[in-house]
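Inspection log for the structure reproduced underneath, given as structure tokens.
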Amino acid sequence: MRRVPFLAGNWKMHKGPKETKEFIVELFAAIAKDTSLKGFLKENKVELGIFPPFVSLETAGREVASADISLSLGAQNMHWEDSGAFTGEIAGKMLMEVGCKYVILGHSERRHIFGESDETIGKKMNKALEIGLKPVLCVGETLEERDEGITETVVKRQLEEALRSLREHENIKDNIVIAYEPVWAIGTGRKASDEDAQSVCAYIRKFIEERFGSTAAEGIRILYGGSVKPDNAKGLMEQKDIDGALIGGASLDVGSFLEISRNT
Ligand code: PEP
């Protein structure tokens with residue numbers, strides 16, 4: 001089964017509306033000049049996505065909607081309720097209203113800096129899928145856990161909790177993206193080796209097969225994230241079970257984001 005590679009730029013807390021618009025204008029101008037990438041995007045052979053901060057999503061949504069180049073839009077987090085007394089939170093339906101197709105859930109910065117639990121991530125997963133927003137579910141171990149040799153145990157627990165209430169018949173292959181992001185590789189310049197990243201992504205695909213069947217496992221996209229840069233993307237993208245990348249720092253610059261995309 002052909003899986004469309006997905007290059008997703010997680011901008012974290014960077015770029016307000018003005019810089020977001022400038023980025024998108026520059027990105028579209030660069031793609032317009034690159035006939036091969038433009039063709040790939042048109043033929044759905046590769047998918048590019050950006051995940052700006054909340055306040056920049058409406059601007060991004062407007063730019064994306066008025067362009068003839070395909071660029072997916074996603075948010076970096078959401079709440080698990082549709083509305084209510086949750087000061088400072090954003091509902092998934094609000095994200096969809098400004099053009100979001102995706103939402104990152106369970107990013108390690110949410111888990112480790114803001115104390116998000118497997119349980120709350122599970123609730124957010126359920127809500128996103130209920131309303132038609134596609135989660136990019138992040139899983140990954142800390143350095144201590146890797147050194148202890150419990151990477152698969154940790155990833156398994158995170159997957160089990162996040163996917164607990166989904167049933168086998170649910171179309172998870174088209175509606176969920178999983179990103180393997182070892183915590184120690186995020187923002188550190190220390191990328192996992194291609195082989196280690198492949199090994200964990202293969203483990204994730206096996207987990208999906210056991211839990212949801214072979215169609216889901218063959219179709220679901222599994223990304224690697226953690227210090228992906230233009231000069232280290234190619235080897236990763238050649239791995240059998242890696243279908244793209246969740247890119248932080250290197251996605252903030254049009255040139256490096258596109259260079260990574262061309263390595264796919
Ligand atoms: C991320 O934020 O998900 C990420 C992978 O960051 P970086 O590429 O900067 O390591």
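What follows is calculated from the coordinates using simple rules that are stated; it is not laboratory data. The shown structure was predicted, so the numbers you read here are calculated from the model rather than taken from an experiment. All Cβ positions, glycine included, derive from the backbone under ideal geometry; neighbour counts span all protein chains shown.
The listed residues are Ile186, Ile172, and the only one of them that is among the hydrophobic types (A, V, I, L, M, F, W, C), within 15 Å of the ligand (Cβ to nearest atom) and either over 10 Å from Val139 (Cβ atoms) or without any contact (Cβ under 8 Å) to a residue 40 or more places away in the chain (or both) turns out to be Ile186. Looking only at residues of the stretch 90-134 that are assigned to a helix (DSSP H, G or I) and among the hydroxyl-bearing types (Ser, Thr, Tyr), we find that the one that is nearest to Ala185 (Cα to Cα) is Ser108. When Val46 is tested against (1) within 17 Å of the chain's Cα centre (by Cα); (2) within 16 Å of the ligand (Cβ to nearest atom), exactly one condition is not met: (2).
Scanning the stretch 72-89 for residues being farther than 17 Å from Ile50 by Cα, assigned to a loop (DSSP other than H, G, I, E, B) and not aromatic (Phe, Trp, Tyr) gives a total of 8.
If you go through the stretch 168-204 and keep only what is closer than 16 Å to Ser214 by Cα, within 15 Å of the chain's Cα centre (by Cα) and acidic (Asp, Glu), you end up with just Asp174. Sort out which residues of the stretch 54-71 are closer than 24 Å to Glu43 by Cβ, in a helix (DSSP H, G or I) and β-branched (Val, Ile, Thr), and write them in order of number. Listed by number, the list holds a single entry, Val64.
Residue-wise test of (1) part of a loop (DSSP other than H, G, I, E, B); (2) closer than 27 Å to Arg167 by Cα.
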position: Gln198; (1), (2): no, yes
position: Arg205; (1), (2): no, yes
position: Lys229; (1), (2): yes, no
position: Lys234; (1), (2): no, no
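Kindly indicate whether any position in the stretch 83-104 is surrounded by fewer than 21 Cβ atoms within 10 Å (Cβ to Cβ), among the charged types (D, E, K, R) and within 18 Å of Ile208 (Cα to Cα). Checked the stretch 83-104: no residue is surrounded by fewer than 21 Cβ atoms within 10 Å (Cβ to Cβ), among the charged types (D, E, K, R) and within 18 Å of Ile208 (Cα to Cα).
Of Ile220, Ile260, Ile204, all but one fail to be within 14 Å of the ligand (Cβ to nearest atom) and not polar (S, T, N, Q); the exception is Ile260.
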